[in-house]
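Worksheet: the structure to be examined is printed underneath.
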Number of protein chains: 2
Amino acid sequence: MTSFPCMNAGSNESSYAKNSVVQKTVILKSRNILEKTIEDYAVKGFPECFKLADLGCSSGPNTLLVVTNIIKNVHAICKNKKQAAPEIQVFLNDLPDNDFNTVFKMVPPLLSNMENCFISGVPGSFYTRLFPSKSIHLVHSSYSVHWLSKVPDKLENNKGNIYMSKTSPPGVHEAYFNQFKKDFMKFLRLRSEEVIPNGRMVLTIVGRSGTDPTSKECCGLWELLVMSLQDMVAEGLLDEKDIDTFNLPLYTPCVDEVLAIVELEGSFKIDRWETSQVNWDTQDENEAKSVKSKGSSGKIVAMAVRSVTEPMLISHFGEACIDKLFERYVVHADDHLSREKTENFNIMISAKRK
Amino acid sequence: MTSFPCMNAGSNESSYAKNSVVQKTVILKSRNILEKTIEDYAVKGFPECFKLADLGCSSGPNTLLVVTNIIKNVHAICKNKKQAAPEIQVFLNDLPDNDFNTVFKMVPPLLSNMENCFISGVPGSFYTRLFPSKSIHLVHSSYSVHWLSKVPDKLENNKGNIYMSKTSPPGVHEAYFNQFKKDFMKFLRLRSEEVIPNGRMVLTIVGRSGTDPTSKECCGLWELLVMSLQDMVAEGLLDEKDIDTFNLPLYTPCVDEVLAIVELEGSFKIDRWETSQVNWDTQDENEAKSVKSKGSSGKIVAMAVRSVTEPMLISHFGEACIDKLFERYVVHADDHLSREKTENFNIMISAKRK
């Protein structure tokens, strides 16, 4: 059985590898907080072997980008301080269905330029223990922790929706928040067992800027998906009940919720936090140099959403409808983007193990 | 580019996963030496986290067999001594082209029965550094170390052969032995940097019982392959030159060679060694319970050889000839097996880091 959420494997047009420019931009935007965290760490000196974990590493050009940045950073700091660089052991984690084979083929060229670095892959959910006790110095995770361990309970009456929405009945936001709180508490407790005292954790989570859990910045992409699914129902290609029984396993928290849960769990102290915004339409971002030709913005957004949801959608709605579904998504996204600028809101925290 | 030697991926008829019964039998035959090594280790007590590496883990039903045996062993010893079991961190290593995705899908069911065990995959050649300094307590490797880092130099005159043979000209055995010596010395030096003092290493290597490097037990399987290739030449399906320029990157040492190289390199002391034999025709082995129906012995041997050589053969001879080549192999193997019993000779050593 496929474990969720997993990104689209391989390297074809709808793969995560080909459609993760937003995630790349987010990684670039979080460089500052990550670099400051490593600088902080360096004040007391690195251990003989600096062990870091990237949770939800996925598979594609971004997977080794974070790792490469961290290694270069550590080496630059040590060079600057005229110290020998530590050995660095990297654990790339994602669900067992992640395409590790593709990641692993990229490892030897990377390591050929980096002495004393060792890279391994760890298959498993970060809602379970992944590493031995007190063995990790730095945990990093970008665009992963907002994925829940499962679809929340008590969403039976969220009919016509696949996530929180302005038309969701009472109790739906609560069900989502409760699942996020439970999962994030568990995530923190598990990491607190694995991270050494004074070890660090840098997380980037998709969230929302205000208190309204149904604001466009966190729900807009999914509302376009609902509209596309409803088109399919209207055309007799899907059954309305299929939408009623499908809900996404993710939650987009606000900063206060994230900070409060870290404080409540108690193992980590937040050193710094930042927020950033990143345009859905990656053609609109300066950083997204890899998008060279101007294409349909709707198509770009549709493929980005497809690349992170397709395995889930196939499991619920079947494989046959996917192409048609995202053809409709392109139309809705183009229409939407012609009317307003749309952005993801990102919450970045740097926390220290007490 | 495919790194060699890698086993046939996937799970189809010619995959390594479906054709590794000999290797399984070998693993079962080496259980004794592995168990004694772990018992020895336990005398001074396990560390808080017992770290073990399986080098050349491949992908298939055997991959987690060794690991499972070791973990069960450690747990049984601790239970017996009424001690808490250590955490166990396992590093599964193979070349980056190994099918780690298939291995990783088998990890969660295994770990669901085993608390405090952590499994990761490490892509890379064991002729490079794979792990941080002094970080591994037990290295295991079965049926891998006889694979060389490359085809030896100076084999230009080994025409009509693909390995050492009775018809090989002078210098061919020397070229093979020199490459093995160089590679095995390097393997030992690299592991000596990674294994902690008093850490252990258990290796099973395909070898030969006597001093003759062209004896049937180590060259027979490859001579059948040469005969099959020559059939293809006779039928105009391959060019004779293609055989002349192909040589296998492996060496089958005798016990004295292995012991002498370990002593010469100097980092490890051999505690014990054993030898065993295992029939090519797995229908002929009591241990090989997984072969249920009596089929063509030639076919079984052909598929076993195919599963470990196909990527190499495709790279040199092209994909088109493979099916035809192994059809001929079946005939030669059936004929050969009808005339004599054929066995692989295995050398098992248990060594301690000085």
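All of the numbers you see were taken from the coordinates with simple rules; none came from a lab. Small disclaimer: the values here were computed from a predicted structure and weren't measured. Every residue, glycine among them, receives a Cβ derived from its backbone with ideal geometry; neighbour counts consider all protein chains shown.
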Run through the other copies and list how far each one's label point is from that of B:D323, in nm with one decimal, shortest first; the point sits 7 Å from Cα along Cα-Cβ. 2.8
Using only Cα atoms, tell me the angle between helix B:297-317 and the longest principal axis of chain B; keep it within 0 to 90° and round to the nearest 10. 80 degrees
How do the peptides A:192-202, B:133-143 rank, highest first, by the average count of neighbouring beta carbon atoms within 10 Å per residue? B:133-143, A:192-202
Once you charge only the Cβ atoms, +1 for Lys and Arg and -1 for Asp and Glu, what is the size of the charge dipole of segment A:120-256 about its Cα centre, to the nearest 20 debye? 860 debye
Ellipticity estimate at 222 nm from DSSP helix runs (n ≥ 4, -39,500 (n - 2.57)) divided over chain A, nearest 500: -13500 deg cm²/dmol
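Might you report the magnitude of the Cβ-based charge dipole of the protein assembly as shown about its Cα centre, with Lys and Arg at +1 and Asp and Glu at -1, to the nearest 20 debye?
Details: 82 positive and 88 negative charges, 543 e Å.
Once rounded to the nearest 20, the dipole reads 2600 debye.
Please compute the net charge surrounding A:K269, taking Lys and Arg as +1 and Asp and Glu as -1 over other residues with Cβ under 10 Å from its Cβ. All intermediate terms of the calculation are to be shown ahead of the outcome.
Working: positive: A:K352, A:R353, A:K354; negative: A:E263, A:D271.
My count for the surroundings of A:K269 gives +1.
Highest mean first, how do B:204-213, B:20-29, B:332-341 rank when packing is the count of other Cβ atoms within 10 Å averaged over residues? Kindly include the intermediate steps, with their values, before the conclusion.
Numbers: B:204-213: 19.1, B:20-29: 22.6, B:332-341: 15.4.
In descending order of packing, they fall as B:20-29, B:204-213, B:332-341.
What does the structure give for B:97-110 when I average, per residue, the other chain Cβ atoms found within 10 Å of the residue Cβ? Kindly include the intermediate steps, with their values, before the conclusion.
Values: counts 3, 2, 2, 7, 13, 1, 5, 11, 7, 2, 4, 7, 1, 0.
Taking all residues of B:97-110 together, the mean is 5.
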Averaged across the residues of B:83-96, what count of C-beta atoms belonging to other chains lies within 10 Å of each residue's C-beta? 2
Provide, as a two-decimal number, the C-alpha radius of gyration of segment B:1-89 over 2.2 N^0.38 Å, N being how many residues it has. 1.30
Would you list, by chain and number, the aspartates and glutamates whose Cα falls below 12 Å from the Cα of A:K24, excluding same-chain residues fewer than 8 positions away? A:E285, A:E287
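Taking all pairs of distinct Cα atoms, average 1/r, flip it, and tell me the Kirkwood hydrodynamic radius of segment B:78-191 in Å to one decimal place. Don't jump to the answer; show the numbers that get you there.
On the way: mean 1/r = 0.0571 Å⁻¹.
Taking the inverse mean of 1/r over all distinct Cα pairs, segment B:78-191 comes out at 17.5 Å.
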Select from B:I77, B:M164, B:N19 the residue farthest towards the positive end of the dipole of chain B; place +1 on Cβ of Lys and Arg, -1 on Cβ of Asp and Glu, and compute about the Cα centre. B:I77
Using +1 on the beta carbon of Lys and Arg, -1 on that of Asp and Glu, and nothing else charged, what's the dipole of chain B about the Cα centre, debye to 20? 1520 debye
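If segment B:21-353 were replaced by its equivalent ellipsoid, with semi-axes equal to the square roots of 5 times the Cα gyration tensor eigenvalues, what would those be, largest first, whole Å? Let's see the in-between values first.
Details: eigenvalues 252, 99, 66 Å².
Gyration-tensor ellipsoid for segment B:21-353: 36, 22, 18 Å.
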Could you state the angle between the C-alpha long axis of helix B:63-80 and the longest principal axis of the C-alpha atoms of chain B, as a value from 0 to 90 degrees rounded to the nearest 10? 30 degrees
Under 17 Å from B:K134, Cα to Cα: aspartates and glutamates that are on another chain or at least 8 residues apart: A:E48, A:E87, A:E115, B:E48, B:D54, B:E193, B:E194
10 Å Cβ neighbours from other chains, averaged over peptide B:345-354: 0
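Around A:Q179, with a cut-off of 11 angstrom between Cβ atoms, what is the net charge of the other residues, counting Lys and Arg +1 and Asp and Glu -1?
Working: positive: A:K150, A:K154, A:K181, A:K182, A:K186; negative: A:D153, A:E174, A:D183.
Neighbourhood net charge equals +2.
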Give me, ordered by chain and number, the residues 5 or more places off B:I119 or on other chains with an amide H under 5 Å from its own placed amide H. B:V90
Between A:F326, A:F126, A:F104, which gets the highest mean-square fluctuation from a Gaussian network model of chain A, Cα cutoff 10 Å? A:F104
Within straight cross-link reach of A:K216, meaning Cα distance under 17 Å, which lysines are found once same-chain residues fewer than 8 apart are removed? A:K166, A:K341
Highest mean first, what order results for A:314-325, A:180-191 on Cβ atoms within 10 Å? A:180-191, A:314-325
Past 19 Å, Cα to Cα: identify those pairs from B:K79/B:K352; A:K29/A:K72; B:K36/B:K81; A:K79/A:K354; B:K44/B:K352, in the order given. B:K79/B:K352; A:K79/A:K354
What net charge is computed for the residues neighbouring A:T252, neighbours being all others with C-beta under 14 Å from the C-beta of A:T252, Lys and Arg scored +1, Asp and Glu -1? -4
Counting other C-beta atoms within 10 Å, and keeping those with at most 10, which DSSP coil GluC sites (Glu not before Pro) do you find in segment A:211-262? A:E235
